[in-house]
Amino acid sequence: MVERDGNTLDRVFHALADPSRRAILGQLASGERTVSELAEPLPMSLAAVSKHIQVLEQSGLIQRSVQWRTHVCSLNAKPLAEAQKWLSFYEIFWNERFDALEDLFRAKKKNKK
């Protein structure tokens, strides 16, 4: 099995567990946004969005810079790549199991003819 830094993965998967944080990442995938822009489509207060942004920052998924009084966020996809590497082990595992199951179904269908 692929070993990764558990603390980093724990923070990434914790951050991804919330739909509001996933929505924030979705917005950032197309470019930088201010905190206010990120908050606009979400049904919560600016303070609540700021807390979600803090979780995303702690996971390393976003970076925030301050330009005068405006906080600008950008996506950092590197932790997502690390999570994908970890998940790829299980993708291989399940693909092998599904292939074996498909072979069984085909063999059974062939024997019925």
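Quick notes on this one:
- Of all accessible heavy-atom area on the chain, the percent that carbon and sulfur account for (1.4 Å): 55
- Cα gyration tensor shape of segment 38-104, rounded if a/c is under 1.5, else prolate or oblate by comparing a/b with b/c: prolate
- Amide H to amide H, with H built 1.01 Å from N, N76 comes under 5 Å of I62, Q63, counting only residues 5 or more places away or on other chains.
- Surface accessible to a 1.4 Å probe, V66 within the full protein complex, Å²: 90
- The chain: angle of helix 78-112 to the longest principal axis, Cα-based, in degrees nearest 10: 20
- Cα gyration tensor shape for segment 11-57, rounded if a/c is under 1.5, else prolate or oblate: oblate
- Tilt relative to the chain, helix 19-28 - C-alpha long axis, 0 to 90 degrees, to 10: 70
- Helix 46-59 and the long axis of the chain differ in direction by around 60°, with both axes built from C-alpha atoms.
- Once both labels are positioned 7 Å from their Cα atoms along Cα-to-Cβ, the gap between A107 and K51 label points is 5.5 nm.
- Length-normalised contact order of the chain in % [C-alpha pairs under 8 Å, at least 6 apart]: 29
- 18 Å Cα-Cα reach of K110 towards aspartates and glutamates, excluding residues that sit fewer than 8 places from it in its own chain: D99, E102
The values are calculated or read from the model by the stated rules, or taken from the named source; none is laboratory data. This is a predicted model, so every value here is computed, not measured. Virtual Cβ from ideal backbone geometry, glycine too; neighbours counted across all protein chains shown. In case anyone asks, the SASA skips ligands and DNA or RNA and just uses the protein heavy atoms, side chains included. Shrake-Rupley method; radii C 1.70, N 1.55, O 1.52, S 1.80 Å.
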